[in-house]
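The values are calculated or read from the model by the stated rules, or taken from the named source; none is laboratory data. Keep in mind it's a predicted model, so treat the numbers as computed, not measured. So basically every Cβ, Gly included, is an ideal-geometry build from the backbone, and we count neighbours across all protein chains shown.
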Amino acid sequence: MVDPTERQIVQEQLEELHRRHGSSPFDDVVSYYPPEAEADRDLFGVAGTNVDGTCWSIGDCSVRFPLHSVSKVFTYALALEDHGRAEVMRNVGVEPSGDPFNSITFDEANNRPYNPMINAGALVAASLVDGFDTRDQVGRIVDRYRRYTGNPDLDVDRAVLDEQLANNDRNIGLCYLMRSLGMLHGDIDRTVEVYLSACSITVTAAELSVMGATLANGGVNPLTGERAVERSHVRDVVSVMMSCGMYDAAGTWATEVGIPAKSGVSGGIVCVLPEYFGLGTYSPGLDVHGNSVRGVNLCRELSETFGLHVFADPAESVFGRIAQPGLPEG
Ligand code: GLN
């Protein structure tokens, strides 16, 4: 267990980062979902959950917001469970596309979307979630997400889903194109509804950090002890977060922050530091890539402050020493 004094040190550092980045201006903000982005512009929450169950939360950590693209991670994990790695890989790749999240580009050499973290690949992953009908598929997704968060009441926000279904030509277009190319099979309305239902599940920053911690903990929720995903799939999921999780800014993120992560256009970011902890941030102001401005800035500095980059010199890892007291002092 994290020592209470050390927990307090981390809490104070997080408060300081939250204070500093909470006032960063939104000069670059691009809003893909205006009602959310404008109404909630000033919200800013950051929460961390250690694999031993220690929790940190600063700011607006109990405000609910739709997962949007953050859901892609967890739906992909379920597709892997339902069909296994080889079959999923045949249908969706793991290469960064370098293009925006909603771009209409495909891995033509392999006749599949580039990766499951952009819309094309996420739609294919959603179509691979087993279920008798749409309701059954969505029910299985919700059930899984409940296990990741430990919240038995987690659910799809119907108003968010309806709004997305009504403004969805691009995803439908992508599906028709993919089906015509043989990359996607089955009913398109059903696939789109399953995908957008997952996007419309609402969480808090605190819950998001537990979802991250569950992946960091090999698939077992550290607060409830319940398994959300088989250990054998965690590596594939976290790898694709590292290479493709931050849209067309994924390479910069990997270099500067170096923590597997996934963002969504409602302003959430989930980070997974394997064997250590999960982080959830929420701030709706977005940059040109569709990533949360404050979330990205905070994560960058957090990674530097605590030496969290997965390839950082272990001697620089303050958090590593706190989370694993056996490590030598740097
Ligand atoms: N629901 C959104 C969409 O498919 C998710 C996009 C995102 O978060 N980047 O357009």
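Report whether or not residue 211 is of a type in the set (A, V, I, L, M, F, W, C) and more than 15 Å from the ligand (Cβ to nearest atom).
yes
Report, by residue number, each residue of the stretch 66-120 that is part of a loop (DSSP other than H, G, I, E, B), touching a residue at least 60 places away in the same chain (Cβ under 8 Å) and more than 16 Å from the ligand (Cβ to nearest atom).
Residues satisfying the conditions are 94, 95, 106, 111.
Counting only residues that are small (Gly, Ala, Ser) and either within 16 Å of the ligand (Cβ to nearest atom) or in a helix (DSSP H, G or I) (or both), how many does the stretch 171-183 have?
Within the stretch 171-183, residues that are small (Gly, Ala, Ser) and either within 16 Å of the ligand (Cβ to nearest atom) or in a helix (DSSP H, G or I) (or both) number 2.
Please state which one of 287, 236 is more than 14 Å from residue 67 (Cβ to Cβ), surrounded by fewer than 21 Cβ atoms within 10 Å (Cβ to Cβ) and over 15 Å from the mean Cα position of the chain (by Cα).
287
Hey, any hits in the stretch 162-181 for a residue that's at pLDDT 95 or above, out of contact with any helix residue (DSSP H, G or I) (no Cβ under 9 Å at 6 or more places or on another chain) and among the aliphatic types (A, V, I, L, M)?
Checked the stretch 162-181: at least one residue is at pLDDT 95 or above, out of contact with any helix residue (DSSP H, G or I) (no Cβ under 9 Å at 6 or more places or on another chain) and among the aliphatic types (A, V, I, L, M).
Within the stretch 141-149, can one find any residue that is crowded, with 16+ Cβ neighbours inside 10 Å, touching a residue at least 12 places away in the same chain (Cβ under 8 Å), assigned to a strand (DSSP E or B) and within 16 Å of the ligand (Cβ to nearest atom)?
No; the residues of the stretch 141-149 include none that is crowded, with 16+ Cβ neighbours inside 10 Å, touching a residue at least 12 places away in the same chain (Cβ under 8 Å), assigned to a strand (DSSP E or B) and within 16 Å of the ligand (Cβ to nearest atom).
Looking at the structure I just gave you, is residue 120 under 20 Å from residue 188 (Cβ atoms), under 18 Å from the mean Cα position of the chain (by Cα) and either polar (S, T, N, Q) or modelled with pLDDT of 95 or more (or both)?
yes
Of the conditions (1) in a helix (DSSP H, G or I); (2) among the small types (Gly, Ala, Ser); (3) over 24 Å from residue 236 (Cα atoms), residue 186 clears all except one; give me its number.
Only one criterion is unmet by residue 186, namely (1).
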